[in-house]
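Worksheet: one structure, shown below.
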Amino acid sequence: MDYVELHCHSYYSLLDGTSSPAELVARAADLGMDTLALTDHDALYGAVPFVTAARARGIHPILGAELTLEGDHHLTLLVENDVGWRNLCQLISRARMRTPKGQARLAWADLDGRTDGLICLSGCRQGPIASALRAWDRAAAFRRARRLRDLFGPEHFCIEIQQHLRKDDAMLAESLVSLARHLRLGYVATNNVHYARRDGQRLQDVLVAIRQRTPLDAAGAALRPNSEYYLKTGARLLPLFSAYSDALTNSRRIAERCRFELAYGLQDLPAFPTPNGLSPAAYLAQLCEQALPWRYRDPPERVCTQLRYELAVIARAGLANYFLIVWDIVCFARTHGIRCQGRGSAANSLVAYLLAISPIDPLAHGLVFERFLSDERPSMPDIDLDIAADRREEVIQYVYRRYGYDHAAMASTVITFQARSALRDIARALDLPIELLRQAEQALEAEQVSRGGILTLLAQLCQQIDGLPRHLGQHSGGMIITAAPLAERVPIEPAAMPGRVVVQWDKDALEEVGLVKVDLLGLRMLSALTEAVRQVHTAAGTKLDLDRLTFDDAAVFDLIAKADTIGVFQVESRAQAQILPHLKPRCLNDLIIAISLIRPGPLQGDMVHPYLRRRQRLERVTYKHPLLKDALAETLGVILFQEQVLKVARDLAGFTPGQGEQLRRALGSKRADTAIAHMHDAFVAGAESKGVPASIANAVFDQLRAFGGY
């Protein structure tokens, strides 16, 4: 049978579905399906990973959701086109924003004017029509069917029938089909999937019990009565719908109308107001040129050349507006005495330095701009702003006021189960006595679970639940700002903090589709520095300008070399206290090296001890090839900095800086084996073209892989 599943829940139907979008897609591919819909409860949390997985497997993804109407009725909506996507996002947002966090309710009146571009299926047995029929209220069923037909139009409303071998399923299906024929409506079969395979039922029951906060025995009607809610083929469903086989083939007709594709690429930001009608790119260039004398008394030609280059790359990427928005946020903070500065790869940008977003001169430190942004890198650059923690909320509220509460929200983060910490949730669902729970905790801690029995069951469930989404949280500081109302792009919902809202996508999904996130991160050390400046001024009458401090105070480095660094940001850890007396830093670059050494990359790449031995002249400085000397001289021949991946790829293999950044990102990705293999071949070939033996090129690439693969 040519059947398409149009009603499918992933584990983003929180505490109800058990399979990831990728697992559902993989199972659909195994079954020979070429199309699949995702219709999670009142949410589009999984839309991006679902689309990504579907495209990778050659499956057409249909996006939708199962909405909760007043009266706890369910309605299945499928996105047909761009208008439908905007309407679905707005409907989910309305359903979420009028209820407490984690809940959703949509009034019938909310559907008015927001149904274009959507195909409505009448829902599962909790749908408004099926519920009325199960209550023997045919008048209400017909009344609700007519109302939905009028709201969506007869071509966009379809009666949904299901068959899960419940005792009243056959009678309910017959009544629904009869109603559809009487009102001249279409009807379609779905399977209300909640797990990819039949064996997912056990975990699904446990999740429902956790959601209900009750043992399985007391969960009652909240649990589904059998294991029929898995992904099935049309052939498997045909015997169940033999009287209405067209209900199966109708699914294909509906699927073919759903041609919406999730937009990728840079999404629209608010238009930053510029003076005298200047374009964002022209105004950005003007600001940078005005700042040149402030940062450089007599700007050398290489600074001007680099500025022209960066501005051109930023203009081609369409990011001038983005820089202006970040600059405006920094200006607000500084004019209100709030310590604020950029961190991360923004330090590689001369433009960021001139706009006072970053305090680091990238040219003085040999930083590579392409680590931040390049023509070869299509993803958004990363500008994180550290803000004095005690005043960060002032900055966040400024963004809300500046761009409007409908246009700004926090990014979300998905809080997941962890196997061991989920043990108590599972034990509560199984209604286990506390004594047995303690035994299970001890057995799992010791990894001594025998085969068979309740402890084995607990261990299996803990393994299965590990990593599943539990609830939605708020990102530590990521804010999304859009020109169009956010609820037209992605649904929003209340955050735990009063007066805050979050979008339904996390940082990875936002980056994937190009929705711009600005990280406004609270840093307590900046608050401490502000307080220190205040106390010095009070006690000594001296007003320190921290932005103008130099890095040549020998007494400070004497203290650092003795590891007298408790309370000093970045160099107070036990690991730093152990390494500083060996390193004996005497300048800022030494401190940069000290901090970089105690990172996963250098530790995993076995680069710490070789560097220290060379620093102490216990080992000769060597390079695997003379072409590496320029890139690695400052770190005595070992790789310590992210930028050195780009420099090594450039000098040894002839990569452009942008290609080097692609290599660095691939090395740091957990899902880039294919990309790394391709880049390995290109790296070796490029090195050989420069006269480097393949054995040396392979050895250097292995070192880069060890460094970048943490």
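The values are calculated or read from the model by the stated rules, or taken from the named source; none is laboratory data. Note that the coordinates shown come from a computational prediction; the quantities given were computed from them, not determined experimentally. Using ideal geometry, Cβ is built from the backbone for each residue, glycine included, and neighbour counts are taken over all protein chains shown. These accessible areas exclude ligands, DNA and RNA; they are computed on the full protein's heavy atoms, side chains included. Shrake-Rupley method; radii C 1.70, N 1.55, O 1.52, S 1.80 Å.
For residue 342, all conditions in the list (1) surrounded by 20 or more Cβ atoms within 10 Å (Cβ to Cβ); (2) at pLDDT 95 or above; (3) under 28 Å from the mean Cα position of the chain (by Cα) hold save one; what is the number of the exception?
(2)
Among the listed residues 503, 513, which satisfies the condition of being farther than 17 Å from residue 103 by Cα, of a type in the set (Val, Ile, Thr), in contact with a helix residue (DSSP H, G or I) (Cβ under 9 Å, 6 or more places away or on another chain) and buried (at least 17 other Cβ atoms within 10 Å of the Cβ)?
Going through 503, 513 in turn, just one is farther than 17 Å from residue 103 by Cα, of a type in the set (Val, Ile, Thr), in contact with a helix residue (DSSP H, G or I) (Cβ under 9 Å, 6 or more places away or on another chain) and buried (at least 17 other Cβ atoms within 10 Å of the Cβ): 513.
Among 539, 509, which is under 21 Å from residue 380 (Cβ atoms) and in a helix (DSSP H, G or I)?
Just one listed residue meets the conditions, 509.
Out of segment 146-167, which residues are under 28 Å from residue 239 (Cβ atoms) and either touching a His at 6+ places or on another chain (Cβ under 9 Å) or part of a loop (DSSP other than H, G, I, E, B) (or both)?
160, 162, 163, 164, 165, 166, 167
Can you pull out every residue in segment 111-134 that is open to solvent by less than 10 Å² (accessible area, probe 1.4 Å) and either charged (D, E, K, R) or assigned to a helix (DSSP H, G or I) (or both)?
Passing the criteria: 111, 128, 129, 130, 132.
I'd like the full set of residues that are hydrophobic (A, V, I, L, M, F, W, C), assigned to a loop (DSSP other than H, G, I, E, B) and either open to solvent by 30 Å² or more (accessible area, probe 1.4 Å) or touching a strand residue (DSSP E or B) at 6+ places or on another chain (Cβ under 7 Å) (or both), limited to segment 558-596.
Hits for segment 558-596 are 566, 568, 569, 587.
Would you tally the residues in segment 157-174 being aliphatic (A, V, I, L, M) and touching a residue at least 40 places away in the same chain (Cβ under 8 Å)? Show your work before the answer.
Looking only at segment 157-174, we keep the residues that are aliphatic (A, V, I, L, M), and these are 159, 161, 165, 170-173.
Narrowing the set further to residues that are touching a residue at least 40 places away in the same chain (Cβ under 8 Å) leaves 161, 165, 172-173.
Summing the residues that are aliphatic (A, V, I, L, M) and touching a residue at least 40 places away in the same chain (Cβ under 8 Å) in segment 157-174 gives 4.
Tell me, yes or no, whether segment 632-644 has at least one residue that is of a type in the set (A, V, I, L, M), in contact (Cβ under 8 Å) with a residue 24 or more places away in the chain and assigned to a helix (DSSP H, G or I). Break it down stepwise before answering.
Start the filter on segment 632-644 by keeping residues that are of a type in the set (A, V, I, L, M), which leaves 632-633, 636, 638-640.
Those left that are additionally in contact (Cβ under 8 Å) with a residue 24 or more places away in the chain: 636, 638-640.
Keeping just the survivors that are assigned to a helix (DSSP H, G or I) gives none.
Among the residues of segment 632-644, not one is of a type in the set (A, V, I, L, M), in contact (Cβ under 8 Å) with a residue 24 or more places away in the chain and assigned to a helix (DSSP H, G or I), which makes the answer no.
Working only within segment 597-628, note down all residues that are under 26 Å from residue 668 (Cβ atoms), open to solvent by 100 Å² or more (accessible area, probe 1.4 Å) and in a loop (DSSP other than H, G, I, E, B).
Of everything in segment 597-628, those that are under 26 Å from residue 668 (Cβ atoms), open to solvent by 100 Å² or more (accessible area, probe 1.4 Å) and in a loop (DSSP other than H, G, I, E, B) turn out to be 599, 606, 624.
Filter segment 389-436 down to residues that are among the small types (Gly, Ala, Ser) and at pLDDT below 90 and give me whichever is surrounded by the fewest Cβ atoms within 10 Å (Cβ to Cβ).
If we take residues in segment 389-436 being among the small types (Gly, Ala, Ser) and at pLDDT below 90, then 421 is surrounded by the fewest Cβ atoms within 10 Å (Cβ to Cβ).
Given (1) polar (S, T, N, Q); (2) in a helix (DSSP H, G or I); (3) in contact (Cβ under 8 Å) with a residue 60 or more places away in the chain, identify the lone condition not met by residue 397.
(3)
List every residue pair whose Cβ atoms sit under 7 Å apart, with the two residues 6 or more apart in sequence or on different chains, where the first one lies in segment 352-380 and is under 18 Å from residue 320 (Cβ atoms) and among the small types (Gly, Ala, Ser) and the second, anywhere, is in a loop (DSSP other than H, G, I, E, B) and at pLDDT 90 or above.
352/358; 358/349
Of the residues in segment 348-367, how many are open to solvent by less than 20 Å² (accessible area, probe 1.4 Å) and either closer than 18 Å to residue 647 by Cβ or not in a helix (DSSP H, G or I) (or both)?
Result for segment 348-367: 8.
What pairs come up if the first residue lies in segment 533-560 and is within 27 Å of residue 574 (Cα to Cα), the second is among the aromatic types (Phe, Trp, Tyr), and their beta carbons are under 8 Å apart, counting only those six or more places apart or on different chains?
Close Cβ pairs (under 8 Å, with a partner that is among the aromatic types (Phe, Trp, Tyr)) do not exist here.
From the list 57, 105, 94, which residue is open to solvent by 10 Å² or more (accessible area, probe 1.4 Å), farther than 22 Å from residue 123 by Cα and either at pLDDT 95 or above or touching a helix residue (DSSP H, G or I) at 6+ places or on another chain (Cβ under 9 Å) (or both)? Talk me through it step by step, then tell me what you get.
Values: 105 fails: farther than 22 Å from residue 123 by Cα; 94 fails: farther than 22 Å from residue 123 by Cα.
Answer to the check: 57.
If the requirement is being β-branched (Val, Ile, Thr), surrounded by fewer than 23 Cβ atoms within 10 Å (Cβ to Cβ) and either in contact with a Cys (Cβ under 9 Å, 6 or more places away or on another chain) or closer than 30 Å to residue 235 by Cβ (or both), which of these qualifies: 79, 177?
The unique qualifying residue is 177.
Can you spot a residue in segment 516-536 that is farther than 11 Å from residue 410 by Cα, part of a loop (DSSP other than H, G, I, E, B) and open to solvent by less than 10 Å² (accessible area, probe 1.4 Å)?
Yes, because at least one residue in segment 516-536 is farther than 11 Å from residue 410 by Cα, part of a loop (DSSP other than H, G, I, E, B) and open to solvent by less than 10 Å² (accessible area, probe 1.4 Å).
So for segment 83-103 (the condition being under 24 Å from residue 258 (Cα atoms), charged (D, E, K, R) and part of a loop (DSSP other than H, G, I, E, B)), does at least one residue qualify?
Scanning segment 83-103, I find no residue that is under 24 Å from residue 258 (Cα atoms), charged (D, E, K, R) and part of a loop (DSSP other than H, G, I, E, B), so the answer is no.
Based on this model, can you work out whether residue 184 counts as assigned to a loop (DSSP other than H, G, I, E, B), open to solvent by 50 Å² or more (accessible area, probe 1.4 Å) and modelled with pLDDT of 95 or more?
Spelling it out, residue 184 is indeed assigned to a loop (DSSP other than H, G, I, E, B), open to solvent by 50 Å² or more (accessible area, probe 1.4 Å) and modelled with pLDDT of 95 or more.
Filter segment 253-273 down to the residues that are at pLDDT 85 or above, of a type outside the set (Asp, Glu) and open to solvent by 40 Å² or more (accessible area, probe 1.4 Å) and list them by number.
Residues satisfying the conditions are 253, 257, 259, 271, 273.
Just checking, how many residues over segment 693-707 are open to solvent by 10 Å² or more (accessible area, probe 1.4 Å) and outside any loop (DSSP other than H, G, I, E, B)? Talk me through it step by step, then tell me what you get.
Applying the first criterion (open to solvent by 10 Å² or more (accessible area, probe 1.4 Å)) to segment 693-707 yields 693-696, 698-699, 702-703, 705-706.
Narrowing further to those that are outside any loop (DSSP other than H, G, I, E, B): 694-696, 698-699, 702-703, 705-706.
Of the residues in that region, 9 qualify.
Would you tally the residues in segment 274-299 being open to solvent by 50 Å² or more (accessible area, probe 1.4 Å) and aromatic (Phe, Trp, Tyr)?
Final tally of qualifying residues: 1.
Cβ contacts < 9 Å: first residue at positive phi, restricted to segment 17-42; second residue surrounded by fewer than 18 Cβ atoms within 10 Å (Cβ to Cβ) and modelled with pLDDT under 95, any location; separation 6+ or different chain. Result?
Going by the 9 Å Cβ cut-off, the qualifying pairs are 42/103.
Report whether or not residue 690 is among the basic types (Lys, Arg), in contact (Cβ under 8 Å) with a residue 60 or more places away in the chain and open to solvent by 30 Å² or more (accessible area, probe 1.4 Å).
yes
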